[in-house]
Amino acid sequence: MNLKPINQQVVAVVGASSGIGRDTALKFAEKGAKVVVAARSQAGLASLVEEIHQSGGEAIAVVADVADYEQVKAIADKTIDRFGRLDTWVHSAATGLFSTFDRITPEEFKRVVDVDFMGQVYGAMVALPLLKQEGRGSLIHITSVEARRSLPYQSPYAASKHGVMGVLDALRLELKHQGYPINVANIMPGVINTPFYSKSKTKLGVQPMATPPFYNASLVTDAILYAAENPVRDYIVSDVGKVLDVVQRISPGLVDTALLAIGFATQRTEKEKGEDDPNNLYEAIQEPGYDRVDGDYKHLEVPSLLDHIDKNPLFSVGALAAVVLGGLTLLGGLRDRS
């Protein structure tokens, strides 16, 4: 598979106003790509494009809600109108709702699925014809470790990520059967320190968070940029994410035990937040301060040592095995105490 160097690419980044998407757009522009950025937040896109231009990069913005197919198609259309082609499509747009399943309304569940699942489907629908015209390129979807293992309080989010993974598996086979050398990459972050948790709607009565440790968004961005130039299938970002995936395959019951012990309390902060407080479930948050890369948990960030596995798999098998054995020992101890 012959993919272009980043400095020769036209890249569309969807969900670019904050978090992983924002950092991704900045890094692509820094490496010389022409960038199209899209999100619901007009203010967030404006500040992003200004930052790219000030650094000498080239970018345009498209305001779009990915739950609407026509708005997603407009991203692709404006990419062609401005730059004449598409080489890489990065789909990072997501919204969240933290609640027990029995408190989620049908409308709320559908809205998360419309953004987090159907939005990614629409992205693939509009991007693939353009990549086929070029005869190569990368279709990069940001899902989550929750594509492999669901967590409590996040049933619609987890369902969406599982769904995207199913679609991508089918697409890879179809593209290979049709003879198109297009890289279909599934990037699965673990717990990343972005504004996702402060933006999400909550019915927990408090601002939600994730079970620590947190990892920096740059780890995900590095994986995305790697997938833009190299064939990638499923790329799990973070040590904990890799270990969780392996242990889930070996013993889902052990993971159940661990999540029962720590998965509920650790997703709740002590900061009160009501259902009607600012959130991005249905529209972008208009208040300032949300359109940034980093979230509120910088003090809980740790380095990730195993993220080079997907780039050098043979070199790192021993290290991964050691960490997995340690994780199994820890989970076994939790089960024994339950």
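Nothing in this text is a laboratory measurement; each read-out follows from the coordinates by a stated rule. Treat the numbers as computed from the prediction; the structure is a model and nothing was measured. With ideal geometry, Cβ positions are generated from the backbone for all residues, glycine too; neighbour counts draw on all protein chains shown.
Observations on the model:
- In order along segment 299-308, the phi-based Karplus estimate (6.51 cos²θ - 1.76 cosθ + 1.60, θ = phi - 60°) of 3J(HN,Hα) comes to 5, 9, 6, 10, x, 10, 9, 10, 6, 7 Hz; Gly and Pro are listed as x.
- Based on alpha carbons, the Rg and Dmax found for the chain are 19.3, 61 Å.
- Ranking of H91, H299 by neighbouring Cβ atoms within 10 Å, starting from the fewest: H299, H91.
- Charging the Cβ of each Asp and Glu at -1 and of each Lys and Arg at +1, and nothing else, the dipole of segment 6-337 about its Cα centre rounds to 720 debye.
- Vicinal HN-Hα couplings computed from phi for segment 257-266 (Karplus, 6.51 cos²θ - 1.76 cosθ + 1.60; Hz; Gly/Pro x): 4, 5, 5, 5, 6, 10, x, 9, 5, 6
- Considering helices alone, the calculated mean residue ellipticity of the chain at 222 nm is -14500 deg cm²/dmol, with DSSP H runs of length four and up weighted by -39500 (n - 2.57) and normalised per residue.
- When the listed pairs K73/K199; K73/K242; K110/K311; K132/K201; K73/K110; K271/K311 are checked against a 30 Å cut-off, the alpha-carbon distance exceeds it for K73/K242; K110/K311; K132/K201; K271/K311.
- Considering only the chain, percent of DSSP beta bridges that pair antiparallel, nearest 5: 5
- Column: log10 I(q)/I(0), Debye, Cα scatterers of segment 1-137, q = 0.18, 0.21 Å⁻¹: -0.94, -1.21
- Descending by average beta-carbon neighbour count within 10 Å, the peptides 16-28, 159-171, 135-147, 218-230 line up as 16-28, 135-147, 218-230, 159-171, the highest first.
- Whole-Hz ³J(HN,Hα) from phi, Karplus 6.51 cos²θ - 1.76 cosθ + 1.60, for segment 110-123, glycine and proline x: 4, 5, 4, 5, 4, 7, 7, 10, 5, x, 6, 4, 4, x
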